[in-house]
Amino acid sequence: MITEADLRHLRRCVELATEAVDAGDEAFGSLLVDEAGAVLHEDRNRIHTTGDGTRHPEFTLARWSAENMAPEARARATVYTSGEHCPMCAAAHGWVGLGRIVYASSSQQLGEWRAEMGIDGSPVRRIAIEEILTSAAIDGPVPELAAEVRLLHRRRHGRA
Ligand SMILES: [Zn+2]
C-alpha cells in the first residue's frame, strides 16, 4: 500500500530524475529512508557524466547502506526510486539486506516507453524485482508519478 509519506518520497525521486536529465544523465533518482522516515541518502543516475554504466542510484544506495548502516537498520529501511530496480540493483539491494522497495514506474513500463521512442533494447534484460529478490516488500508502480517519469524519459531522448 502506498501512503502519503511514500508519495512525498517518490516525488523527491522524480525531482532527482529531473536533475539527472538536466545534467545529461538518464531519468532515474532514488532515496534511502530509515525506519523513522528520515532520508539518509539520495542519488541520481550518473552513467553518462561518469562514463560508468553501473552508476545507477539504487546501486549507490545499496553500497552506501552497507558502509553506513547496521544490518538490522538496513532490513528496516526503504528504498524509493523513480524506476523499478534493474537486475544489478535488485541483486545489490538483496545482497546488502535492505528492506522495502517503492517505485514510481515499472521496468515493464520503461520497456514500453523505449519501444514507443524507437530506442533499441538494453544490454541487460528487464526482469521484475520479484524475479530477483527472494524476500522483499515491493510497491509500485504509481500511475500519476509514472506519467511524469515517462515524460522525463521522453525529454531525455529528445521526444518531449
Ligand atoms: Zn540499476
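The values are calculated or read from the model by the stated rules, or taken from the named source; none is laboratory data. The model shown is predicted, which means the values in this text are computed figures rather than measured ones. FYI the Cβ positions are ideal-geometry reconstructions off the backbone, even for glycines, and counts take in every protein chain you see. The accessibility values were calculated without ligands, DNA or RNA, using every heavy atom of the protein model including side chains. Shrake-Rupley method; radii C 1.70, N 1.55, O 1.52, S 1.80 Å.
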Options Thr54, Thr81, Thr18: the member that is in contact (Cβ under 8 Å) with a residue 12 or more places away in the chain and in a helix (DSSP H, G or I):
Thr18
Criterion (of a type in the set (D, E, K, R) and away from the ligand (no atom under 16 Å from the Cβ)) met by exactly one of Arg12, Arg44:
Arg12
Conditions (1) within 12 Å of the ligand (Cβ to nearest atom); (2) under 13 Å from Val102 (Cα atoms); number of the one not met by Thr3
(1)
On the given criteria, is Thr60 within 15 Å of the ligand (Cβ to nearest atom) and of a type in the set (Ser, Thr, Tyr)?
yes
When the range 63-78 is checked residue by residue, the ones that are without any contact (Cβ under 8 Å) to a residue 40 or more places away in the chain and either of a type in the set (A, V, I, L, M, F, W, C) or within 11 Å of the ligand (Cβ to nearest atom) (or both) are Trp64, Ala66, Met69, Ala70, Ala73, Ala75
Scan the range 133-155 residue by residue and report those that are part of a helix (DSSP H, G or I) and open to solvent by 60 Å² or more (accessible area, probe 1.4 Å).
Pro143, Glu144, Glu148, Arg150, Leu151, Arg155
